[in-house]
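A short worksheet on the structure shown next.
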Amino acid sequence: MPKGLDNEFLAQLKRKNDIVEVIGSYISLDRKGTNYWACCPFHHEKTPSFSVNSIDQYYHCFGCGASGDVISFVREIESIDFIDAVKILAERIHLPMPDMNLDSERTLEQKRKRDEVLKILNVCAHFYLDNLNSGKADAHIQYILDRKLSPPTVRRFGLGASLDFKTLPQFLLDQGFRRDDILESGAVTASEKGRLVDAQGGRLIFPIINAFDDVIAFGGRVLEKTDFAKYKNTKETIVFNKSKTLYNVNLVKKQKKASGLKNLVMTEGYMDTISLWQEGFHNVVASMGTALTKEQARLAKRYADDVLISYDGDFAGQKGAIRGLEILRDEGVNVRVVALPEGLDPDDVVKRYGSEGYQKCLDEAMPLIDFKLDVLGRQYDLTKTEEKREYIREALKVIREADSESVREDLLKALRDRTGMTFESLRRDLDHAPAMPAGHEEAEPVRREDGADRNVKASRFILASILFHAKYARNFDLSGVKFDDPVHNIIAEYIIGRKNRGENIRASDLFEIFDENTPELSAILDLSIGDAFSTAESERYFDGCVKTLMRQQIERELNELSAKCDAETELAKKKQYTRRILELTVKLKNL
């Protein structure tokens, strides 16, 4: 815990941020008894194994083992550090942050640099906006008019104008920013001669804003024909990683909080997103290119379980969507592809056919397997015998991926209609066709098994029974129990200390002692599922676990005493050892 964040502040922070409310703002939770359940946001699964304990205020996934308190969850789901997670939670309940005394000069410098970069980017955004309204950006204004963007839309997305390559760097220097911080922001680069130049010189500017409303980068579009790329982003920096960013996520986050999201539409670029938003589609983001990443897929999943990929209608764009679909599918998202008219992008569709026309495209979006077959069919000339046969072979491989017989039958009928082959012959070929290498599905774990030995399992169950308030374990005295695992001993010390002070035992307190990724802590939390501590069988098992550890302790002491007795030459001490060995042997027999 960083200096400046005392225990009382953190206790107040967690007390006022109910973990169910916080996690429920990111994912849908289903209440069952005192716990809430969902599919885990940290790994792909079809059956919910992610549990939120409303009483003890912690979460735990019985599938992957992810666990922690409310701070841990925000840190993991937002991919941020401890301090930023605390800041988010403090802002949520309007709790003032204490003065921070950070641990090292390096940490302090990193924080200063990040804050300074964000400040520079914010200043740049206002600079570009002022340029757009200065009366000197005729070409930029004309482009906006040609794309039929309204003034409210332009303001909503903070569009701006770069007029040249020189004025922004000089403006930032005049504002007192340091040269190295200006370069660190990515908004400015250095020429071969060392001169500072606007990285987006002469372009129409699209601020890229994260989920916390920070400007983290800029996209720019050229306004005339050139050999340069039509669109480009500023470089990756301390605050901007393209692979972890979705354009317009800030407005989507607001939309979800205001009225929820049924699904998420993902486009390729800025203009598609802005045009769709202007037409009333406020659930749209852009991947800023067709190369969708796992990080972007996970970010999308935070806002909706259903994602519609709406890339350009040209064949290359549609083909490029397949990999994005597979990445989203791997992250447990329900994905479909929006098939657009050939040669049109989403912006073209809404301008030509209006919002109703685009909505029709959304309504007709295809599942992955149907889309794969559609794209595959465009690669072959079915009037040519060899190409038709090759198409059938490849199509059957795709059809074998279907997860039900009814879907396979439906797809086979479509293939029959397209090729003129009989259904029966296609069915026979399907039964012998090799499957496409999927590598996506994973067995759904109910509870992880790590092959722990009997004594370790006994230790876990004893500690779990006490942590989760089993009636039969309420008066059990842990002080006489010795554990081999240091994690078990620390948990036992926590329990004994709380009992001695007359304080409640809460499993969530352990996340202040251990890292949430501690395997043994996760293994103990795994035992809390269902009625693990409320049956007669569990009470008998608890007694058996206690005897197992007692037997282990006695056998260990017997071995030590036997060795000492064999080595002892003094008769009196030898008799003393022998008496103790007999006592322990009787005790062991009685167990």
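The values are calculated or read from the model by the stated rules, or taken from the named source; none is laboratory data. Worth saying up front: this structure is predicted, and the values here are computed from it rather than measured. Note: ideal-geometry Cβ built from the backbone for every residue, glycine included; neighbour counts use all protein chains shown. Just so you know, the surface numbers come from the protein's heavy atoms only, side chains and all, with ligands and any DNA or RNA stripped out. Shrake-Rupley method; radii C 1.70, N 1.55, O 1.52, S 1.80 Å.
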Strands (runs of 3 or more DSSP E) enclosed by the stretch 191-255 - at least 3 residues per element that are touching a residue at least 60 places away in the same chain (Cβ under 8 Å) and either basic (Lys, Arg) or buried (at least 24 other Cβ atoms within 10 Å of the Cβ) (or both): 204-209, 215-221
Matching residues in the stretch 563-590 (open to solvent by less than 50 Å² (accessible area, probe 1.4 Å) and either among the β-branched types (Val, Ile, Thr) or within 28 Å of Lys457 (Cα to Cα) (or both)) number 3
Qualifying residue in the stretch 357-365 (condition: assigned to a loop (DSSP other than H, G, I, E, B) and either among the aliphatic types (A, V, I, L, M) or open to solvent by 30 Å² or more (accessible area, probe 1.4 Å) (or both)): yes
Go through the residues of the stretch 474-490 one by one and say whether even a single one is of a type in the set (Lys, Arg), without any contact (Cβ under 8 Å) to a residue 24 or more places away in the chain and assigned to a helix (DSSP H, G or I). no
Going through Tyr26, Tyr59 one at a time, which residue ends up being in contact with a Gly (Cβ under 8 Å, 6 or more places away or on another chain), crowded, with 16+ Cβ neighbours inside 10 Å and at negative phi? Tyr59
Matching option when the condition is over 25 Å from Leu276 (Cα atoms) and under 31 Å from the mean Cα position of the chain (by Cα), among Leu373, Leu412, Leu426: Leu373
Mind checking which helices (runs of 4 or more DSSP H) fall wholly inside the stretch 10-122 and carry at least 1 residues that are of a type in the set (D, E, K, R) and within 30 Å of Gly160 (Cβ to Cβ)? 70-78, 82-92
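Does the stretch 467-489 contain at least one residue that is aromatic (Phe, Trp, Tyr), under 32 Å from the mean Cα position of the chain (by Cα), within 23 Å of Pro519 (Cα to Cα) and at pLDDT 85 or above?
yes
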In a helix (DSSP H, G or I) and at pLDDT below 90: which single residue out of Leu382, Leu412, Leu430 fits that description? Leu430
Could you list, in sequence order, the residues of the stretch 54-89 that are charged (D, E, K, R) and closer than 18 Å to Ser25 by Cβ? Asp69, Arg75, Glu76, Glu78, Asp84, Lys87
Just a yes or no: is a residue in the stretch 37-49 within 19 Å of Leu510 (Cβ to Cβ), of a type in the set (Val, Ile, Thr), open to solvent by 30 Å² or more (accessible area, probe 1.4 Å) and at pLDDT below 85? no
Restricting to the stretch 499-513, what's the tally of residues that are of a type outside the set (Gly, Ala, Ser) and either open to solvent by 50 Å² or more (accessible area, probe 1.4 Å) or out of contact with any helix residue (DSSP H, G or I) (no Cβ under 9 Å at 6 or more places or on another chain) (or both)? 8
Which is more than 14 Å from Leu463 (Cβ to Cβ), in contact with a helix residue (DSSP H, G or I) (Cβ under 7 Å, 6 or more places away or on another chain) and modelled with pLDDT of 85 or more, of Glu539, Glu516? Glu539
